[in-house]
Amino acid sequence: MKNRTTITVNFLLLLILLTSISVAQSPSLYIPRNIIKAYEKGTRSYDGKPGANYWVNRTDYKIQAEVFTKEHMVKGHAKIKYYNESPDTLKQLAFRLYQDINKKGNSRLTQISPSDETDGVQIDTLIINGKGFNTKERGGVFRRGTNMGVNINQTPLMPKSFLEIEIRWSVIIPRESRLRMGAYNDSTLYVAYWYPQVAVYDDIDGWDRNNYTGETEFYNDQNNYDLEITVPAGYIVWGTGAYQNLQEILKPEIYARYKEAMESDGVIRIIREEDLKNGATLKNEKTTWKLKAENVSDVSFATANSYVWDAVSAEIDDKGGRVLTDAVFPTKSKSWADVAYYAKLSVEKLSKQWPGIPFPYFKITVFNGETTGGGGMEMPMMCNNGVSGSATGQAGVTLHEIAHNYFPFYMGTNERKYAWMDEGWATFFTSAMLKDLVPGADEFTGNVIGVGKTMGIEMDLPMITPSITGGPTLGFNSYVKASVSYYVLKDVLGDDLFKKALHEYMARWKGKHPLPYDFFFTFNDVAKEDLSWFWNPWYFERGFPDLGIKNVKSKKGNAEIIVEKKGIVPVPTDLIITYADKTTEKIHKSASSWKKGNKELKVELRTKKEIQRVEIDAKLVPDANEKNNVFEMKKK
Ligand SMILES: [Zn+2]
């Protein structure tokens, strides 16, 4: 008995080992040479987990800044501690000066108004570990595009150690070309991409030296921030982090409303129109607002003196966890009256349904920057959104931007190279749950039609193409194609397994910097299947989805439908069978029907009824050519 058990156990172990090897060594996916090195160094692993040698750097920022609203300028002083967790000795530091996008002569992938051109971010003081640097591009400081490099080869930053940086700077906030932020009028500013930020140093590229061109967005470490923002009298500040001195600033009745909103299920107007007339704050001189945030990838803030402030709280778990969701907008704005409530519903749906992980931050503020035109921009704990013409649009942009707090902020994905790794999820979550915010709202159908129309055209590049290369279908790839590919995969794996894999991916990589391969391999690992048959056509190859009906044979209670896969991209098969008696039947097969590389799928049907017509239903499945979707039976 003992022996036999041992043999069985050994045999099982061997089987498990063989299975795990076959999945873990799977790369039947193309992996670029520089990324292969990460697997060799053990910072990544073919089972999708961070490797034993994985590391991630981080920064502590203590920033004091003053906003000069009339001049549209922010002046700041930062004390920064940068921790090098890598095994590398760093002889250079890389900083991002995002607003150098507006510097005269710099290249960008977006147009800006000539009136917004500046001389770039002004750096007055730069001290690293007590050593002052001449910031006029001499003495080891060089500026290229939106990056500033500093040579520290004389006193390099050793592995597992930190250095201290002191920096004084000023930046002009753009008035016309308000790319995700800006001065909306003389008394309303959204300040983002605003402080000298230590770039990401990672195991793949070393320093991230990709420029901010106006097209792609975040790639940040998880940092700690201590902010002091000084604004003129009468201005309120909303920003990333927890208020440290709100009670000392706001009038008691207004502060009481804020506290009440933290536990409230109904929207409370914290600052009302009459408060703006009578002064909402205790002081009538310039005021310093203190905020603190830990383990966030960025900080931004808004300031205005004529905006109302709505707030309510969202329940994020069964243990009474709550998140403050608030909306800040001009007094007369009608379309924004529901935004705080949309934000509450968004946080609740995201926490409990998709991705189904409690919201990672204790608050989310939705600020109305642009007062004409929709669209929006995410920042950790903040959104800067426009005005949409419809409830569906306003709720949709609210949900989408709030969803970004998971991807890329909680997860630390690299949007400059893989925008689909965050935009795809934000789009997926929105199309899955928008109907719960606004009954009848549908974003999904449009996305499916978009994939059918666009995938496989000349300008459509594979999703794996680094986003920094831009191109006309960058947006299509990142938002639409990626979100639809997640749907198709969810249909393959089923909701439970798909969610299990998503949760495992998030648990493994939160606060780190997952690559596409970490996502692919984690899903392979959890599904216990090499899903390359799916990843390759959807992410690496050029092609499109197109199913057609080749033939239908029917006799004596049996029918055989031959579905043909004419495009390389695997999609589900939705069939509608219409019988002579006008009744219909639907058949659904997931995209896994194509996993063996077969070009045909035989669907067998037992029926005594006479089939009149068989049709591929392309409403929920992208399809490049709908002309081959209908098969009419010949009249007998
Ligand atoms: Zn987005």
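The values are calculated or read from the model by the stated rules, or taken from the named source; none is laboratory data. Just so you know, these numbers come straight off a predicted model, no measurement behind them. Here the Cβ positions follow ideal geometry from the backbone for every residue, glycine too, while neighbour counts run over all protein chains shown.
For the stretch 515-543, the tally of residues that are outside any helix (DSSP H, G or I) and in contact with a Pro (Cβ under 8 Å, 6 or more places away or on another chain) stands at 3.
One residue alone among 236, 249 is closer than 26 Å to residue 192 by Cβ, over 31 Å from the mean Cα position of the chain (by Cα) and in contact (Cβ under 8 Å) with a residue 40 or more places away in the chain, and that residue is 249.
Looking across 525, 495, 518, 530, one residue alone is under 13 Å from residue 418 (Cβ atoms) and among the acidic types (Asp, Glu). It is 518.
Given the condition within 16 Å of the ligand (Cβ to nearest atom) and of a type outside the set (S, T, N, Q), answer yes or no: does some residue in the stretch 383-390 qualify? Yes, there is a match, as at least one residue in the stretch 383-390 is within 16 Å of the ligand (Cβ to nearest atom) and of a type outside the set (S, T, N, Q).
Do we find a residue being closer than 24 Å to residue 422 by Cβ and buried (at least 23 other Cβ atoms within 10 Å of the Cβ) anywhere in the stretch 240-257? Yes. Restricting the search to strands (runs of 3 or more DSSP E) fully inside the stretch 73-147 and requiring at least 3 residues that are more than 30 Å from residue 303 (Cβ to Cβ) gives 141-144.
Does residue 566 satisfy being closer than 30 Å to residue 432 by Cβ and either among the acidic types (Asp, Glu) or modelled with pLDDT of 95 or more (or both)? Against the criterion (closer than 30 Å to residue 432 by Cβ and either among the acidic types (Asp, Glu) or modelled with pLDDT of 95 or more (or both)), residue 566 qualifies.
When the stretch 91-106 is limited to residues that are closer than 20 Å to residue 162 by Cα and either among the aromatic types (Phe, Trp, Tyr) or touching a Pro at 6+ places or on another chain (Cβ under 6 Å) (or both), the one that is surrounded by the most Cβ atoms within 10 Å (Cβ to Cβ) turns out to be 95. Of all residues in the stretch 476-499, those being free of Cβ contacts under 8 Å to residues at least 40 places away in the same chain and at negative phi number 7.
Would you confirm whether or not the stretch 335-343 contains a residue that is over 28 Å from residue 476 (Cβ atoms), surrounded by fewer than 24 Cβ atoms within 10 Å (Cβ to Cβ), more than 16 Å from the ligand (Cβ to nearest atom) and among the hydroxyl-bearing types (Ser, Thr, Tyr)?
Of the residues in the stretch 335-343, the ones over 28 Å from residue 476 (Cβ atoms) are 336-338, 340-341.
Among the residues that remain, those that are also surrounded by fewer than 24 Cβ atoms within 10 Å (Cβ to Cβ) are: 337-338, 341.
Pick out the ones that are also more than 16 Å from the ligand (Cβ to nearest atom) and you get 337-338, 341.
Next, only the ones that are among the hydroxyl-bearing types (Ser, Thr, Tyr) stay: 341.
Looking through the stretch 335-343, at least one residue is over 28 Å from residue 476 (Cβ atoms), surrounded by fewer than 24 Cβ atoms within 10 Å (Cβ to Cβ), more than 16 Å from the ligand (Cβ to nearest atom) and among the hydroxyl-bearing types (Ser, Thr, Tyr).
In the set (1) under 43 Å from the mean Cα position of the chain (by Cα); (2) over 22 Å from residue 535 (Cα atoms); (3) not in a loop (DSSP other than H, G, I, E, B), the condition left unmet by residue 601 is number (2). Selection over the stretch 418-465 of residues that are out of contact with any Gly (no Cβ under 8 Å at 6 or more places or on another chain), of a type in the set (Ser, Thr, Tyr), away from the ligand (no atom under 15 Å from the Cβ) and not in a helix (DSSP H, G or I) gives a count of 0.
Restricted to strands (runs of 3 or more DSSP E) entirely inside the stretch 266-309, those with at least 1 residues that are acidic (Asp, Glu) are 287-296.
Within the stretch 116-136, residues that are under 20 Å from residue 194 (Cβ atoms) reach partners that are hydroxyl-bearing (Ser, Thr, Tyr) and at pLDDT 95 or above with beta carbons closer than 6 Å, at six or more positions or on different chains, in the pairs 122/170.
Regarding the stretch 489-507, can at least one residue be identified that is among the β-branched types (Val, Ile, Thr), more than 22 Å from residue 347 (Cβ to Cβ), surrounded by 15 or more Cβ atoms within 10 Å (Cβ to Cβ) and more than 16 Å from the ligand (Cβ to nearest atom)? Outline the logic, then answer.
Here is the first cut: in the stretch 489-507, the ones among the β-branched types (Val, Ile, Thr) are 492.
Narrowing further to those that are more than 22 Å from residue 347 (Cβ to Cβ): 492.
Of the ones still in play, those that are also surrounded by 15 or more Cβ atoms within 10 Å (Cβ to Cβ) are 492.
Subset that is more than 16 Å from the ligand (Cβ to nearest atom): 492.
Yes; the residues of the stretch 489-507 include at least one that is among the β-branched types (Val, Ile, Thr), more than 22 Å from residue 347 (Cβ to Cβ), surrounded by 15 or more Cβ atoms within 10 Å (Cβ to Cβ) and more than 16 Å from the ligand (Cβ to nearest atom).
Filter the stretch 121-159 down to residues that are on the phi < 0 side of the Ramachandran plot and within 35 Å of the chain's Cα centre (by Cα), then give me how many there are.
24
Remark: pairs (first residue in the stretch 459-472, without any contact (Cβ under 8 Å) to a residue 12 or more places away in the chain; second residue part of a loop (DSSP other than H, G, I, E, B) and surrounded by 15 or more Cβ atoms within 10 Å (Cβ to Cβ); Cβ separation under 9 Å; 6+ apart in sequence or on different chains) = 469/461. Just checking, does the stretch 397-417 include any residue being free of Cβ contacts under 8 Å to residues at least 24 places away in the same chain, within 13 Å of the ligand (Cβ to nearest atom) and of a type in the set (A, V, I, L, M, F, W, C)? Yes, that holds for at least one residue.
The condition of being at pLDDT 95 or above and at positive phi holds for only one of 76, 42, that being 42.
For every residue, the table says whether it meets (1) under 16 Å from the mean Cα position of the chain (by Cα); (2) modelled with pLDDT under 95; (3) more than 16 Å from residue 396 (Cβ to Cβ).
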residue	(1), (2), (3)
419	yes, no, yes
429	yes, no, no
436	no, no, no
452	no, no, yes
470	no, yes, yes
488	no, no, yes
503	yes, no, yes
514	yes, no, yes
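Inside the stretch 588-623, residues that are farther than 26 Å from residue 634 by Cβ and exposed (fewer than 15 other Cβ atoms within 10 Å of the Cβ) make up a count of 5.
If the requirement is being modelled with pLDDT under 95, among the β-branched types (Val, Ile, Thr) and farther than 13 Å from residue 346 by Cα, which of these qualifies: 445, 371, 413?
Details: 445 fails: modelled with pLDDT under 95; 413 fails: modelled with pLDDT under 95.
It is 371.
Of the residues making up the stretch 344-375, those that are touching a residue at least 24 places away in the same chain (Cβ under 8 Å), surrounded by fewer than 24 Cβ atoms within 10 Å (Cβ to Cβ) and within 16 Å of the ligand (Cβ to nearest atom) are 354, 355, 370. Among the residues making up the stretch 199-218, those that are part of a strand (DSSP E or B) and either touching a helix residue (DSSP H, G or I) at 6+ places or on another chain (Cβ under 8 Å) or surrounded by 22 or more Cβ atoms within 10 Å (Cβ to Cβ) (or both) are 201, 202.
Name the residue, out of 186, 221, that is among the charged types (D, E, K, R) and surrounded by fewer than 22 Cβ atoms within 10 Å (Cβ to Cβ). Working first, answer last.
Working: 221 fails: surrounded by fewer than 22 Cβ atoms within 10 Å (Cβ to Cβ).
That would be 186, the only listed residue that is among the charged types (D, E, K, R) and surrounded by fewer than 22 Cβ atoms within 10 Å (Cβ to Cβ).
One residue alone among 557, 548 is without any contact (Cβ under 8 Å) to a residue 60 or more places away in the chain and farther than 21 Å from residue 413 by Cα, and that residue is 557. Quick one: is residue 213 under 27 Å from residue 69 (Cα atoms) and at pLDDT below 95? Yes: the conditions hold for residue 213.
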